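Participant: The following block contains the structure, expressed as structure tokens.
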Amino acid sequence: MPEAVWVTCLAFLLSLLFSQPLSFSAATILQSKDKGDFNMTDFYCTAADSRPVRALDPDIVIVDIADTDRDDVADVIRLLSYMNPAVVGLDVTFAEPRENDESLLDAISACQNVVMAGGVSRTSDSPERFTLDDTTYFYKALAPEARLGVVNFPTSRSGKTIRSFRPTFITEYSDTLESFATAVTALYRGEKAAAMTSESNLRIDFPSRRFTIVPWHEVADRPEKIEGRIVLVGAIGEATDLHPTPIGQETDGVLIHAYAASTLLRGEHYTETGRPFTMTVAFLLSLLLCVLMLTYSSPARGMWLRVLQIGVLYILIRIGYYLYVDHRFVIDISYPLLMLTFCFFALDIWAGLKHYGKSAATFIRNKSRQTTNLKQQPS
């Protein structure tokens with residue numbers, strides 16, 4: 001047992017070394033060239049989303065305004081105002097004034113429960129404080145009729161996979177701004193948004209869900225899809241608003257907001273384990289495997305231990321998938337997988353160290369005996 005502990009510690013140190021940034025790791029094998037990063041839960045999302053069963057969201061409808069101009073958008077919003085939507089979220093900003101914008105402003109003013117899109121940037125004083133710096137130029141003229149929703153996604157760098165969203169943003173003046181998803185959800189069903197917005201980041205529930213998408217020129221013919229629902233107005237397929245997510249490399253921004261709002265409405269809260277828990281599980285599983293490797297003796301020992309190792313890896317992946325998809329419990333098994341992979345490598349190193357240690361000890365003993373014999377010989 002002490003020997004198994006030492007081998008496990010060696011595997012632990014090796015896995016720590018190889019999982020550091022800019023070094024080779026198990027994630028590098030799984031990571032595709034066009035992805036900025038990889039997380040084991042992305043694999044679960046992809047597998048779950050590929051299932052034939054999909055749920056059509058009953059609360060959220062997307063109006064696609066791709067290939068439109070401001071006059072078209074004004075007409076769409078004017079039509080929506082007659083169809084009694086519960087909330088209209090405009091995932092589009094009009095940064096600069098243009099001629100005949102009065103029609104657009106009048107349409108938005110006449111529409112009830114409008115959420116306008118806004119962008120923020122981090123302040124130089126604190127990474128957790130934000131400055132509102134990207135809004136529709138006439139937003140303030142609409143207040144208090146229009147509500148603001150922040151459309152930023154919480155990624156540390158461009159091209160990183162979007163797995164979560166930030167429910168609220170604290171400004172430099174200690175005011176609270178709602179995210180776009182939070183704002184539309186609060187207007188639609190406030191208690192659902194309030195129950196989950198205390199979290200700093202919320203994981204988005206992507207798999208096996210789809211939304212009704214109505215092209216802008218068909219809005220007049222689809223009033224039954226609009227009444228009483230959240231209507232998100234945004235462009236589908238716009239190159240500047242495509243982002244990598246666990247379910248695809250090019251997911252539309254308005255779709256991500258829809259997934260986030262749907263997560264809030266359904267109360268699908270994920271429980272995430274911390275790194276200490278993950279490392280403890282990895283160490284205990286590796287210790288068990290090392291004990292078996294050191295105590296089991298058979299001519300076919302190597303083969304059966306390899307089979308056991310592969311079996312444990314497979315079971316870990318299945319358990320991780322089951323907990324994530326069916327119980328919304330997130331455990332990052334990439335580290336246990338890496339450590340279990342290094343168990344045999346650590347055992348080989350340990351066997352080599354033992355061999356050379358015994359050789360060195362034998363050499364020292366022989367030298368000591370030779371010295372003693374020489375001293376005992378008569379002069």
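FYI, it's all coordinate maths here, none of it is from the lab. For clarity, every value in this text was computed on a predicted model and none was experimentally measured. Methodologically, a virtual Cβ is constructed for each residue, glycine included, from the backbone with ideal geometry; neighbour enumeration extends over all protein chains shown.
Participant: Which of the peptides 332-344, 223-235, 305-317, 65-77 is most tightly packed, and how do the rest follow, judged by the mean count of other Cβ atoms within 10 Å per residue? Walk me through the numbers before you get to the answer.
Facilitator: Values: 332-344: 21.9, 223-235: 19.8, 305-317: 14.2, 65-77: 17.4.
The peptides rank, most packed first, as 332-344, 223-235, 65-77, 305-317.
Participant: Continuing with the same structure: What net charge do the residues around R209 carry, taking every other residue with its C-beta under 12 Å from that of R209, with Lys and Arg at +1 and Asp and Glu at -1?
Facilitator: -1
Participant: Let me ask something else about it. Net charge around T123, counting only other residues with Cβ within less than 13 Å of its Cβ (Lys, Arg = +1; Asp, Glu = -1)?
Facilitator: -3
Participant: Show me 113-124, 252-263 ranked by packing, highest mean number of other Cβ atoms within 10 Å first.
Facilitator: Descending packing order for the listed peptides: 252-263, 113-124.
Participant: Please compute the net charge surrounding G357, taking Lys and Arg as +1 and Asp and Glu as -1 over other residues with Cβ under 14 Å from its Cβ.
Facilitator: +2
Participant: If you stretched the chain out fully between S121 and T271, how much longer would it get, using 0.36 nm times the residue separation minus the C-alpha to C-alpha distance?
Facilitator: 51.2 nm
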